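Written below as C-alpha cells is the structure these notes are about.
The values are calculated or read from the model by the stated rules, or taken from the named source; none is laboratory data. Note that the structure is predicted; figures quoted are calculated from it, not measured. Glycine also receives a Cβ, built like all others from the backbone with ideal geometry; neighbour counts cover every protein chain displayed. Accessible surface is based on the protein model in full, side chains and every heavy atom, while ligands, DNA and RNA are left aside. Shrake-Rupley method; radii C 1.70, N 1.55, O 1.52, S 1.80 Å.
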Number of protein chains: 2
Amino acid sequence: MNGAEALVDALVAADIDVCFANPGTSEMHFVAALDSNPRMRSVLCLFEGVATGAADGYARMAGKPAATLLHLGPGLANAGANLHNAKRALTPIVNIVGDHATDHLHLDAPLASDIEGLARTWSSWVRTTKSADAVAGDTHAAIQAARAMPGSIATLVLPADCAWNDATPSQRRPFVAQSCPVVPDERLRDIAEILKRGEPTMIFVEGRVLADAAALAALDQIAQKTGAIVRAKTTNARVERGAGRASIDAFPYAVTQGLAAAAGLRHCILLGATQPVGFFAYPGLPGLMLPSDCAIHTLALPEEDHEQALHGLCSLVGADKLQPRLVEGGGLEKATGVLTAQSLAMTAAARLPEGAVVTDEAITMAGACRTMTTRAAPHSWLQLTGGAIGIGLPLATGAAVAAPDRKVLAFQADGSAAYTLQALWTQARENLDVVTIILANRTYAILRYEMSNLGIGNPGPKAVSMTRLDQPALDWVRLAEGMGVEAARATTAEELDDLLASAMKRRGPFLIEAVLG
Amino acid sequence: MNGAEALVDALVAADIDVCFANPGTSEMHFVAALDSNPRMRSVLCLFEGVATGAADGYARMAGKPAATLLHLGPGLANAGANLHNAKRALTPIVNIVGDHATDHLHLDAPLASDIEGLARTWSSWVRTTKSADAVAGDTHAAIQAARAMPGSIATLVLPADCAWNDATPSQRRPFVAQSCPVVPDERLRDIAEILKRGEPTMIFVEGRVLADAAALAALDQIAQKTGAIVRAKTTNARVERGAGRASIDAFPYAVTQGLAAAAGLRHCILLGATQPVGFFAYPGLPGLMLPSDCAIHTLALPEEDHEQALHGLCSLVGADKLQPRLVEGGGLEKATGVLTAQSLAMTAAARLPEGAVVTDEAITMAGACRTMTTRAAPHSWLQLTGGAIGIGLPLATGAAVAAPDRKVLAFQADGSAAYTLQALWTQARENLDVVTIILANRTYAILRYEMSNLGIGNPGPKAVSMTRLDQPALDWVRLAEGMGVEAARATTAEELDDLLASAMKRRGPFLIEAVLG
C-alpha cells in the first residue's frame, strides 16, 4: 500500500466515499489509488471552484463531508471562492491539495507556491503530510477537524512523494464522537425568563436547526407563546420549507429594511448565530442592525447542541404543547404571459415535486423565488452563504450526487452562473437529476441596485456598461449544449411551464434559459 | 474628487489606461469614477481569472502594466491562478481589490476575509489604503512597485469608504525612472573568459531579451563564436520568432530529455534565469537538471540590464561582427488529411500573418505547434509560464487589447480552455481580433503522459476516467457561440486551412474547434 492508497483507505473507513476532483500531475498517485477501493467515487470537475462548490452542496444534503482533490496552489486558488462560501456555511470538507515532492519544493519549480498560507484563508485546520507513513494519521486528523462541530474545512497538503512511497499499514484509530456540548440549564432558564417578559424580542437563528422540521416547529411554538419574532440569517446553508413545515422569515438583505426590522427590539437571542450586520457598508448608514439599547443573549454557540437548547427552551416557556403553525400547501396560482422573477417563481413553485432540493443563486430575484415557493411541496432550500457568486451550479451538482432520489431545481441568475458554468459538464457526465432555470436578465442587476444604494444616482455610460451582460447576450441554451446538457429557452410563463412539466417527468440534467421580459 | 476618482486619475497620469474589471458592490465608486477620465478604458470580464490573465497578456505586449479590479477576497482568489502565472512571467500588474469600508471590517460580514494574506501569495507589494486622502499616494507606490525591474504584481486593497470619501487633491509625485542596474565590466570579462575556454557551456536565458530580435541575434553570435549552446527557459513570457529572427531552442520539459540536454555541461551561464529544474518530481529522478560538476555563473540577475550585458559580452568574445543565423521564411508545406497536432500547426503556420501574436496553451501539443511555426512569418509567442492552466484565452484577450493592429492566434488545448472560457465573451464584447484554435483531443493528455512518467503503468478504469473529456465531449462551437463568438469545426487539415484563410482576412473574434483524429 502506498501513501495515496492509505489516504483513500482512511477516507473510506471514515465513510467519506465521494471525492470531487480536478487533479494534476502531482495527484496522479491519488487518482491511481481510486481503483484500489471500490467504495470511493470520484467525480471529475473541469474547474476547481466546481469541485469545492459541489463538495459544499454534497455535505449540506448528505450530512457528512466529501473530499476534494486539487492541484497545488493555483488549483486551491481556483477553489477558493467556493471554499469561502463553504466556510460561511459551516460545511465540513476534507480538502486535499497535492504538492510537489518534499525534496522538490526548495527548487522553486514553476508551480511552487505557499499552499499552506493560501489554505489558511479558508481552513480551520491545515497540515502538510511529511511522509507516506504519516498519511493515514494525518487523514484521520483532517477528518476529525472537518467534522468537529459546527463543521469546517480541513486542508491536507499531500506532497507527491508521500503519495507514491510505500506506507506501513497503521492501526486504525477511532474517531471522537461528533457530539456537541449541551447548553446548561441555567442559561436556558435565563433566556426563558427574558422571553417571558414579553418585551420586543427577536430570536436570530443560523445553522442546522433550519434544516430540521421539528426544530422549526419548536421555534414557531416559542414565537406563538412569547410573541418573540424569529428570523433566520439572510442566507442559509439549508432550510426545510414548503407545505407542512413551519415557515421562518429571513432577516432582510437591504440595510434600510434590516434597520426597520430591528427597530424597537429590546432583546436579540442568538441561536447558532452572531448578531445581524449589514452585508455591505453604505455611506451614512450603520453596519450593526440592532438598536444600541438592544441586549444580546446567546442561547447556543455554533458548536453547541441547538436542538437540545431549542426543545428545552420550548418547554421552559410552556410552548411545547401548542400546535405549530404549519404552511398549508396547494392553491398555487398559474402565472401567464411575460416572464418576471415573480411569474417564473410561481410557475416553478407549482411544478416543484415533493422532496425537491432547491438551490438559490437568484441574487436580486431571490426574494421573489423564496416568496412564491413558500407554499410549494416540501423541499430543502440551499443558498449562497458567503456572497461569493458562482456557487449555484456547483451546489446543485453536489446536492444531486448526495441525494440521487430527489429532484434538484436550481434558481440561477445568469451573471453568477457564468463564473462556474463548467458544473454543467459534470452534471452531464454523472447524469445528475438537476433542472436549472437561468434567470436571464442579462445584467449584473445587483450592481445597478447597489449603485443606487451607494448614492451613485446617475452613473455615466462607462459605469453602466460594466453592469450590462447583453453585448453580446450569453446564449445559455448553446452554453449548456456545449457542456453536454440538453437545454431550451422560455420567454413566457406558459413556455416555462411546458418545459418544467416535461423536465420534472424525466431524469438527468436539463437547463431552461428563462428570458425575463 | 473622491478617492475612486483620485485612483483613476493617478493611474491615467502614470499611463495606465486599461483596467480589466470584474467589479462588485464595494467597487461601485471606482466603476462610477471610470467616467471621470476619458482616457481610462475598462474591459469587463465575467470571471476574475480572465481579468488577471488578460492583464498579463496586455503587459507582455504593451510593455506597461494594466490595472485590474477585483471584488474582495473571493474575487482575488478567482484571480489567483493567473496571478500565479503572471508572477512567474515577471509581468507588472497593478492589482486593485475592493474591500468593505474600514469601519465595517470588524463586523465580519459574509464576504469578509483576509485579503492581504491572500494577496501576499502572488504580490511583491501589498497595501490597504487607510483613507481617501491616501489613495493617490498609495496608487503611486503601487505603480512604482509593479514597474520596478524585473516586473511584479502590486496589490492595492481599496476599502469602500476610501473610494467614496472626498480626497484632497494631492501634489503629483514623479516616478523613479524604470532603469535597471548595469552589469559590471569585471563580471562580463569573467564570463567572457569562461566562454573562451571552449568547454561545454550552456547560456540559459529567461526574460525580456527573448522579446528583442537584436538580443536574440547577439545570443546567436556568441553561440557561433564560442560553441556554447543557448537555451531559453522551457516556457517564456514572450519570444520573438519566425522568419528573420535568430531562433533559440527551449530547455526540454521532460526530465529525461532535460537531463540528456544538460549531460556533460561544464558551465551554465544564467541570463535573467535561475538554473533549470524539473517541472515536477518523479520517483528516482533528480530535480536539478545540471550535472553536479557543472559550474553555474550569473551573467545578469533578473533585475539587471540584460541588453547591456549581452551586447557587452558579445563584443568581449569578439562575436559582434559575425553574421547572425536568421531563420529563412517560406517553404512551408501544406498539410492534408486527418488533423494531428503536427498537421494542425503546419496549416496554421502557413496562414500566420506577419506580426501576429501567438498564445500557446497547447500543453502536450505545444511542441508540435512550436516546431512547425519556426519558419512562419515573424511573430510574438506568449506562453503559460507558471503551469496554472487556464491562461490561454485570457492571455489572447489581453494581447489583443494591447496590440489592436496585430492578429492574435491562440493555440489552445481543450481541457485548459475550459477553465476560463468566459474570456471569449470579452473578446466578443470588445470585438477583439483573436482567432482561437481549440486543439480538441478530448483528454487531459498531460495526465496520461505524466501517469506513465510516474511509473503508473496500468491505471484502472476509475483513474483513466479522470483523464477523459469525451463523456460528454465539450462542443466548442456551441460554447463559443454561447459566448457570442462565431465558431466552426474542422476535422481535416483542408477544412482548417479554409477556415483559417477566411478568419485571417476578417477582423474580430473567431473560434475553430479542431477535432484531432
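Note on region B:444-458: residues that are open to solvent by 70 Å² or more (accessible area, probe 1.4 Å) and either touching a helix residue (DSSP H, G or I) at 6+ places or on another chain (Cβ under 6 Å) or in contact (Cβ under 8 Å) with a residue 24 or more places away in the chain (or both) amount to 1. Within region B:362-384, the set of residues being under 18 Å from B:ALA211 (Cα atoms) and open to solvent by less than 10 Å² (accessible area, probe 1.4 Å) comprises B:THR373, B:ALA376, B:HIS379, B:SER380, B:TRP381, B:LEU382, B:GLN383. Number of residues in region A:133-159 that are open to solvent by less than 10 Å² (accessible area, probe 1.4 Å), touching a residue at least 60 places away in the same chain (Cβ under 8 Å) and assigned to a helix (DSSP H, G or I) equals 4. Those helices (runs of 4 or more DSSP H) of region B:447-517 in which 3 or more residues are modelled with pLDDT of 95 or more occupy B:476-482, B:493-505.
Taking first residues from region A:11-39 that are charged (D, E, K, R) and partners that are assigned to a helix (DSSP H, G or I) and at pLDDT below 95, the Cβ contacts under 7 Å between residues at least 6 apart in sequence or on separate chains come to A:ASP35/B:PRO461; A:ASP35/B:LYS462; A:ASP35/B:ALA463. The set of residues in region B:327-353 being without any contact (Cβ under 8 Å) to a residue 60 or more places away in the chain, open to solvent by 30 Å² or more (accessible area, probe 1.4 Å) and within 10 Å of B:ALA376 (Cα to Cα) consists of B:GLY331, B:LEU332.
Only one of the numbered conditions (1) open to solvent by 60 Å² or more (accessible area, probe 1.4 Å); (2) in contact (Cβ under 8 Å) with a residue 24 or more places away in the chain is not met by A:ASP498, and that is (2). Annotation: A:LEU288 fulfils all but one of (1) away from chain B (no Cβ under 14 Å); (2) closer than 25 Å to A:GLY227 by Cβ; the unmet one is (1). Residue-level check: of (1) open to solvent by 10 Å² or more (accessible area, probe 1.4 Å); (2) within 14 Å of A:ILE153 (Cα to Cα), A:ALA62 misses just (2). Scanning region A:6-23 for residues that are touching a Phe, Trp or Tyr at 6+ places or on another chain (Cβ under 9 Å) and not in a loop (DSSP other than H, G, I, E, B) returns A:LEU7, A:VAL8, A:VAL18, A:CYS19, A:PHE20, A:ALA21.
In region B:359-382, the residues that are over 26 Å from B:TYR444 (Cα atoms) form Cβ pairs under 6 Å with partners that are at pLDDT below 95, at six or more places apart or across chains, as follows: B:ARG375/B:GLY329.
Can you tell me which residue in region A:171-213 is farthest from the chain's Cα centre (by Cα), limited to those that are of a type in the set (Gly, Ala, Ser) and open to solvent by 70 Å² or more (accessible area, probe 1.4 Å)?
A:ALA177
Within region A:418-448, the residues that satisfy the criterion of being facing chain B (nearest Cβ under 9 Å) and of a type in the set (Ser, Thr, Tyr) are A:TYR419, A:THR420, A:TYR444.
Considering A:THR168, A:THR129, the condition of being more than 10 Å from chain B (Cβ to nearest Cβ), touching a residue at least 24 places away in the same chain (Cβ under 8 Å), of a type in the set (Val, Ile, Thr) and surrounded by fewer than 22 Cβ atoms within 10 Å (Cβ to Cβ) is satisfied by A:THR168 alone. Out of the residues in region A:93-108 that are in a loop (DSSP other than H, G, I, E, B) and open to solvent by less than 30 Å² (accessible area, probe 1.4 Å), which is nearest to the other protein chains (Cβ to nearest Cβ)? Top of the filtered list is A:ALA101.
All conditions but one from (1) part of a helix (DSSP H, G or I); (2) more than 7 Å from chain B (Cβ to nearest Cβ); (3) not small (Gly, Ala, Ser) apply to A:ASN78; the one that does not is (2). In summary, A:ILE391 fulfils each of the numbered conditions (1) hydrophobic (A, V, I, L, M, F, W, C); (2) open to solvent by 10 Å² or more (accessible area, probe 1.4 Å); (3) under 30 Å from A:ILE456 (Cα atoms) with the single exception of condition (2). Residues in region B:461-487 that are basic (Lys, Arg) and within 7 Å of chain A (Cβ to nearest Cβ): B:LYS462, B:ARG478.
Picking from residues in region B:24-49 that are assigned to a loop (DSSP other than H, G, I, E, B) and open to solvent by 10 Å² or more (accessible area, probe 1.4 Å), the one that is nearest to B:HIS84 (Cα to Cα) is B:ARG39.
Of all the residues in region A:375-398, those that are in contact with a Lys or Arg (Cβ under 7 Å, 6 or more places away or on another chain) and not aromatic (Phe, Trp, Tyr) number 6. Please verify whether B:ALA309 is closer than 27 Å to B:LEU447 by Cα, assigned to a helix (DSSP H, G or I) and away from chain A (no Cβ under 14 Å), treating the condition exactly as stated. Judged against the criteria, B:ALA309 is not a match.
Every condition in (1) buried (at least 24 other Cβ atoms within 10 Å of the Cβ); (2) within 23 Å of B:ALA79 (Cβ to Cβ) holds for B:GLU430 except the one numbered (1). Within region B:243-285, the residues that satisfy the criterion of being small (Gly, Ala, Ser) and either within 16 Å of B:PRO200 (Cα to Cα) or away from every other protein chain (no Cβ under 14 Å) (or both) are B:ALA243, B:GLY244, B:ALA246, B:SER247, B:GLY258, B:ALA260, B:ALA261, B:ALA262, B:ALA263, B:GLY264, B:GLY272.
One residue is enough: does region A:296-310 have a residue meeting the conditions closer than 28 Å to A:ALA368 by Cβ and surrounded by 17 or more Cβ atoms within 10 Å (Cβ to Cβ)? Give the steps one after another, and end with the answer.
Our first condition is that a residue be closer than 28 Å to A:ALA368 by Cβ; within region A:296-310, this holds for none.
No, the conditions are met nowhere in region A:296-310.
Give the number of residues within region A:467-495 that are open to solvent by 10 Å² or more (accessible area, probe 1.4 Å) and small (Gly, Ala, Ser). Residues meeting the conditions: 4.
Before we move on, is B:ALA112 surrounded by fewer than 23 Cβ atoms within 10 Å (Cβ to Cβ), more than 8 Å from every other protein chain (Cβ to nearest Cβ) and of a type outside the set (D, E, K, R)? When the stated conditions are applied, B:ALA112 passes them. The single condition among (1) modelled with pLDDT of 95 or more; (2) open to solvent by 30 Å² or more (accessible area, probe 1.4 Å); (3) out of contact with any Leu (no Cβ under 8 Å at 6 or more places or on another chain); (4) more than 10 Å from every other protein chain (Cβ to nearest Cβ) that B:ALA86 does not meet is (2).
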